[in-house]
Amino acid sequence: MKQSIYITKVKIDKIEKRAMERVFDSGMIVQGPKVAEFEKKFAKFCGAKYGVAVNSGTAALHCACYGVGLGPGDEVITTPFTFVASANAILMAGGKVVFADIEDETFNIDPQQIKKKITSKTKAIIPIDLYGHPYDYQSVKKIVKKKKIFIIEDACQAVGAEYQGRKAGTLGDIGCFSFYATKNMMTGEGGMLVTKNIKFAERARMFRHHGQSEKKRYQYFDLGYNYRMTDFVAALGIEQLKKVTKLNQLRIKNARYFLKHLADIKGLILPKTKKRIKHVLHQFTIRVTPDFPLNRDKLVDYLKDKGIFCGIYYPQPLHLHPHFRRLGYKKGDFPVAEKISREVISLPVHPYLTKSELKYMVKAIKSI
Ligand SMILES: *Cc1c(COP(=O)(O)O)cnc(C)c1O
């Protein structure tokens, strides 16, 4: 029987609706006590000291750049194999985007490539925990040690992931999260940054609120934006946070099923998890190499025909888009990212998949 299996599924349960309703009924719907509660609980979950809630992951990244004092003339190193927001935040803060290629094993920024890109103007590095696998913190930390270079971890895809027992978001000076609808924990739109540094937290709080100190209203210290989160969004976030470990566990279980049943198919490379890492499988991304009977795009079409809707994250690395080519980047600059973007396909791995859907997907792929 033909089914329709999508890459993501949004479910908001009764408890979550009720929590939002209570905020509506209170009449206090903008940033208030629920946002403060969400910040505290989320920071605690991450093992960080402070949380600053905002209205998107992009806003969190922008606040983080401002938080560490990034400005015109500063260079920031990041990967071209990510969602555009990671790089745009640098531009929004007036910085210069410096790309460094990725490792093909984890799809994350390659510390050895970072080394080659560091100059006296390097102010920060934004590594991404792509698909929910934390970046190689120790190697990057070793490179920036003794230099005044900040690490802003883009953990938007990695809530609850762990690196040697430490939660994603604490692997650097500031960690940024997104609660966009498709993320492992979500509030429709929303974001948060976490940090152990009060100065960064206070700067971010000011930046999300038009440059006002939240203690002294109507005194403007600097340019800021309106990046505030509302209390009903925070109420949903508080409930989602209670569920996220369970939801992540279901993703991990689904991934294990694929790893077991898709192993040893010639031409497919399955995702790997490095030692002492908890991968939270925001995406289950496999590589389709020339040894497989179909190329990646043909495989996407074949599966679509069977009602299986996969994702391609990302079909083209950032440096090849007009927006970044304008900075002088060209084809051939980042060969690993370019190769990987032709090979990747993400299979549905979300928590609400049924056993029969998993079986159906495995069967469809095996029949090729
Ligand atoms: C989702 C995402 C963002 C941006 O989050 P928004 O909430 O959509 O603004 C940034 N970086 C990465 C890696 C993401 O996956």
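The table for this structure:
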read-out: Dimensions in Å of region 171-325 - Rg and Dmax from alpha carbons; value: 21.0, 64
read-out: 12 Å beta-carbon shell around G191, net charge (K/R +1, D/E -1); value: 0
read-out: In sequence order, calculated HN-Hα J values of region 211-228 (Karplus, 6.51, -1.76, 1.60; Hz; x Gly/Pro); value: x, 9, 5, 6, 8, 10, 5, 6, 10, 9, 9, 6, 5, x, 10, 9, 10, 6
read-out: DSSP-assigned coil residues among GluC sites (Glu not before Pro) in region 152-235, each with at most 14 further Cβ atoms within 10 Å; value: E214
read-out: Relative compactness, region 1-103, computed as alpha-carbon Rg over 2.2 N^0.38 Å; value: 1.47
read-out: Distance cut-off 21 Å, percentage of C-alpha pairs in region 102-190 lying past it; value: 30 percent
read-out: Region 6-59: trypsin sites (Lys or Arg not before Pro) in DSSP coil with no more than 13 other Cβ atoms inside 10 Å; value: K9, K11
read-out: Debye-sum result for region 66-119 in log10 I(q)/I(0), which assumes one identical scatterer on each alpha carbon, at q = 0.30 Å⁻¹; value: -1.16
read-out: Per-bin percent of Cα-Cα distances, region 285-357 [10 Å]; value: 18, 39, 28, 12, 2
read-out: Restraint check, K117/K147; K145/K183; K145/K275; K146/K330; K17/K215; K121/K274, Cα-Cα greater than 25 Å; value: K145/K183; K146/K330; K17/K215; K121/K274
read-out: Entries in K304/K331; K116/K278; K44/K260; K9/K243; K49/K141; K243/K306 that, when Cα-Cα distance is taken, lie over 24 Å; value: K304/K331; K116/K278; K44/K260; K243/K306
read-out: Cα principal axis extents for the chain, largest first, Å; value: 65, 53, 37
read-out: MRE, 222 nm, helices only [DSSP H, n ≥ 4, -39500 (n - 2.57), over the chain, to nearest 500]; value: -11500 deg cm²/dmol
read-out: Gaussian network model of the chain, springs between alpha carbon atoms under 10 Å - residue of N184, N226, N248 with greatest fluctuation; value: N226
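Rule-based calculations on the coordinates, nothing more; no lab input. Worth saying up front: this structure is predicted, and the values here are computed from it rather than measured. Positions of Cβ are generated from backbone atoms using ideal geometry, with glycine treated the same way; all protein chains shown enter the neighbour counts.
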